[in-house]
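The structure appears right after this line, and notes come after that.
The values are calculated or read from the model by the stated rules, or taken from the named source; none is laboratory data. Everything numeric here is computed off the predicted structure, so don't read it as measured data. All Cβ positions, glycine included, derive from the backbone under ideal geometry; neighbour counts span all protein chains shown. Surface accessibility is based on the protein's heavy atoms, side chains included, excluding ligands, DNA and RNA. Shrake-Rupley method; radii C 1.70, N 1.55, O 1.52, S 1.80 Å.
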Amino acid sequence: MHIHLDPVGGIAGDMFAAALIDLCPELAEALVAAFDVAGFTSHVRIRFESHADHALTGRRFVVEDAPAIPGHHAPHRRYGDICTLIQKAPLAEAVRAHTLAMFELLARAEGRVHGVALDAVTFHEVGAWDSIADIVAAAWLIDRLHPATWTCGALPLGSGRVRSAHGRLPVPAPATTALLEGYPVFQDGIAGERITPTGAAIVRHLNPSFAPLRQAMRLNGSGTGFGSRRLDGISNVLRVLAFEPHDVVVGREQIAVCEFEIDDQTPEDLAVALEHLRTAEGILEVIQLSASSKKGRVGARIEVLVRPERLAQALERCFLETTTLGVRWRLVERAVLERETAIYQVLGREVRVKRTHRPGGVMTGKAEMDDLAPEAGGFAARARLRRQAE
């Protein structure tokens, strides 16, 4: 599976979890159960709920204080304490590893912007249970979906100020800015915090490609995750698109291969003979190779590919058109790619282009030379037409 992140409104931890659950709603119950097994439900309750905004529908990931511990939602926690909490929790090893890796990214970013060592980092907003829930949920979903590759669209920077334990900070927050270094970003004129520290840590952990898809892929589904804020004129959503490699149709068929050598037919006459063979019914291709014949003569080795049901007629035609006295033949299997022919208007001319999907999802195309051949401008003009068509 390949997953593409489309940060329409931005990205935050809750948006990431909500979008993936909207993509795979059958995982919601198992994720809630995993939180219960891990013992987190004594601190927080999580749920996924349907949501709509600006004509889009999707889901939200809601994290609430457990009833038994009111006001326990936003403490300051040291990085080491969070690591201990995650290490002791009965999580799957892969989930634990993803969670710790994302918190380490956050801790290194915080330590860098505040000028403190890693083991001295104290989380404020990120240390709250809702942020811990966001990151653990993201880690659980990354492990469960286990996509082979990730891509991401350019990230909206946002603008303005955000409240924090350190006072009002510029958007994006300093730790977020550190995590986004090297990534493509843009300004769309919509203010507010568009990328949260947890969202930036998730993106940095996934290490996605920001290049567009260069190969044909099959779109299998999409999910929409809403953030808690409303934005002016746009839905505050992260959209995810799930792809699989495009299936290449490889057919198998049986063909006959006829072979013979010619050393006593003039090149001019042989060229005409082979063209006649090519146009005969049931003949797929005629190939001419140079060959050294008896008595040191330079000749030609001819291969004729034939549909088996037309083999007898093809053998007769070989004897009719050439001077050969014997033809070898055999039946072989071949694999073929499904192909199609499209017609394009190129510089005022109709050009047929044969297209096929190759393994890996790559589509290739080849313009028919017969449609390029009438070009009076010579090789350069034909090459220009070919580039336009392909």
(message) Once R0 is set to 45 Å, what does the formula 1/(1 + (r/R0)^6) return for the Cβ-Cβ distance between Arg278 and Ser209, expressed as a FRET efficiency to the nearest 0.05?
(response) 0.50
(message) How much length would be gained if the chain were fully extended between Ser228 and Ala92, taking 0.36 nm per residue of separation minus their Cα-Cα distance, in nm to one decimal?
(response) 46.1 nm
(request) Would you calculate a helix-derived [θ] at 222 nm for the chain, using -39,500 (n - 2.57) for each DSSP H run of n ≥ 4 and dividing by the full residue count, to the nearest 500? (result) -10000 deg cm²/dmol
(message) Give me the one-decimal nm value for the distance between modelled label points at Arg168 and Ala312, 7 Å along each residue's Cα-to-Cβ direction.
(response) 9.4 nm
(request) Using a Förster distance of 25 angstrom, determine the FRET efficiency expected from the C-beta separation of Gln288 and Arg328, and round it to 0.05. (result) 0.95
(request) Quick one: among Cys83, Cys258, Cys24, which has the greatest mean-square fluctuation in a GNM of the chain with alpha-carbon springs under 10 angstrom? (result) Cys258
(message) What aspartates and glutamates does Lys354 reach when the alpha-carbon gap must be under 17 Å and sequence neighbours fewer than 8 apart in one chain are set aside?
(response) Glu285, Glu338, Glu340, Glu368, Asp370, Asp371, Glu390
(message) How large is the accessible surface of Glu350 in square angstrom, using a 1.4 angstrom probe and rounding to the nearest 10?
(response) 110 Å²
(request) Give me the distance in nm between label points sitting 7 Å out from Cα along the Cα-to-Cβ direction at Val113 and Arg252, one decimal. (result) 5.9 nm
(message) Ignoring solvent entirely, what values of log10 I(q)/I(0) come out of the Debye formula for the range 201-350 at 0.09, 0.12 Å⁻¹ when each Cα is a single scatterer?
(response) -0.58, -0.74
(request) Could you tell me the convex hull volume per residue, in Å³, taken over the Cα atoms of the range 296-352? (result) 212 Å³
(request) Leaving out ligands and nucleic acids, note down the accessible area per residue over the chain with a 1.4 angstrom probe, in whole Å². (result) 51 Å²
(message) Which residue fluctuates most in the GNM of the chain (Cα springs below 10 Å): Gly223, Gly365, Gly282?
(response) Gly282
(message) Rounded, prolate or oblate, given the Cα gyration tensor of the range 131-181, with a/c below 1.5 counting as rounded?
(response) oblate
(request) State the percentage of accessible surface on the chain attributable to carbon and sulfur atoms; use a 1.4 Å probe and exclude ligands, DNA and RNA. (result) 51 percent
(message) Using a 1.4 angstrom probe on the protein heavy atoms only, could you order Tyr344, Tyr183 from most to least accessible area?
(response) Tyr344, Tyr183
(message) Using only the heavy atoms of the protein chains and a 1.4 Å probe, how would Trp129, Trp140, Trp329 rank by accessible area, largest first?
(response) Trp329, Trp140, Trp129
(message) Just to be sure I understand the model, the point goes 7 Å from the Cα along the line to the Cβ. What's the resulting Ala335 to Asp188 distance in nm?
(response) 4.3 nm
(request) Could you please report the charge total around Lys294, scoring K, R as +1 and D, E as -1 over all other residues with beta-carbon less than 12 angstrom from its beta-carbon? (result) -1
